[in-house]
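No lab work stands behind these numbers, since they all come straight from the coordinates. Source: prediction; values computed, not measured. Cβ atoms come from the backbone with ideal geometry, glycine included; neighbour counts cover every protein chain shown.
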Number of protein chains: 2
Amino acid sequence: MRTKTNDRQTIALLPRIRILRGKDVAFGPGKADLLEQIRETGSLNQAARRLRMSYMKAWLLVRVMNACYKKPLVKASRGGSGGGGAELTSAGERVLSLYRTMERQSLRAMEPAWAGIASLLKSESS
Amino acid sequence: MRTKTNDRQTIALLPRIRILRGKDVAFGPGKADLLEQIRETGSLNQAARRLRMSYMKAWLLVRVMNACYKKPLVKASRGGSGGGGAELTSAGERVLSLYRTMERQSLRAMEPAWAGIASLLKSESS
């Protein structure tokens, strides 16, 4: 969904999907990235570091997520050196997968109208 | 896409689509609302007031938009009492319409996966 050639301006479509529950963001781009990094590293501390996020911020995001769903999305043990381990629950895998599906399906559905807008944008830098 | 009953938590899907050209936001939710208000009021000043936005902020949004596209989206005369008149060009009508189409098609495409996530969210306030 990006067009870039030489020194021309990059044209991009940037959809950001958030799921709200009351005042909480129950899911969104940052939480999806965090879950993916937790899955890859098995550690909340390492996941946070990869995303240049403080450990406390990552912990807070997990706490908000876990409180919004019927079952927690992340199982984390807080203590210990290195911040303890963390892993996705089956609910976590499911929500992450559905969210990425929503992103893909949204992009696909928008393609024709997006091509229409892109054709009206200046492509040369100016 | 909202569910609200009695004192339960409101669950909502909030997609926000932005179109970037280089560092500029060539279109997004705020610019779409501004174009709609310009069309309704025929005045940048009144459109800004309805959106609780300063006149200068609205003028800046219009200037950025107009610079991003091959043809301007808004034709505005700045001077005069009341801030002068403003109207959408045919390019402005076209971009606004394509953007709203993208929003609708995106929501429709996401419905099945969204229902899947919604079913995992707690619905009762707690």
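Straight-line cross-link reach from A:LYS122 at under 22 Å between alpha-carbon atoms covers these lysines, not counting any fewer than eight positions away in the same chain: A:LYS4, B:LYS23, B:LYS31, B:LYS70, B:LYS71, B:LYS75. Once a ≥ b ≥ c are taken as the square roots of the eigenvalues of the Cα gyration tensor of the protein assembly as shown, is the result rounded (a/c under 1.5), prolate (a/b larger than b/c) or oblate (a/b not larger than b/c)? Cα axes put the protein assembly as shown in the prolate bin. Net charge dipole, the protein assembly as shown: roughly 320 debye, given to the nearest 20, about the Cα centre with Cβ charges of +1 for Lys and Arg and -1 for Asp and Glu. Here the spin labels are modelled as points 7 Å beyond Cα on the Cα-Cβ line, and at B:ARG104 and A:GLU87 they lie 4.7 nm apart.
Here the Karplus curve 6.51 cos²θ - 1.76 cosθ + 1.60, taken at θ = phi - 60°, turns the phi angles of the range A:12-28 into couplings of 8, 9, 10, x, 10, 9, 10, 10, 9, 10, x, 8, 8, 8, 6, 6, x Hz, with x standing for Gly and Pro. Under a 5 Å amide H cut-off, with hydrogens placed 1.01 Å from N, A:TYR69 pairs with B:LYS122 among residues at least 5 apart or on other chains. Considering only B:MET53, B:TRP114, B:ALA76, the residue lying farthest towards the positive end of the dipole of the protein assembly as shown is B:MET53, judged by Cα position with unit charges set on Cβ.
Of the residues B:MET53, B:MET110, B:MET65, the one that moves most in a GNM of chain B with alpha-carbon contacts below 10 Å is B:MET110. Here chain B is treated with +1 on each Lys and Arg Cβ and -1 on each Asp and Glu Cβ, and its dipole about the Cα centre works out to around 360 debye.
Against the empirical 2.2 N^0.38 Å (N residues), chain A has a Cα radius of gyration ratio of 1.31.
The label point for B:ASP24 and the one for B:ARG52, both projected 7 Å from the Cα toward the Cβ, are 2.8 nm apart. Here the average projected area of the convex hull drawn through the C-alpha atoms of the range A:34-75 stands at 2.6 nm².
Judged by the mean number of other Cβ atoms found within 10 Å, the most tightly packed of the peptides B:96-104, A:111-119 leads the ranking B:96-104, A:111-119.
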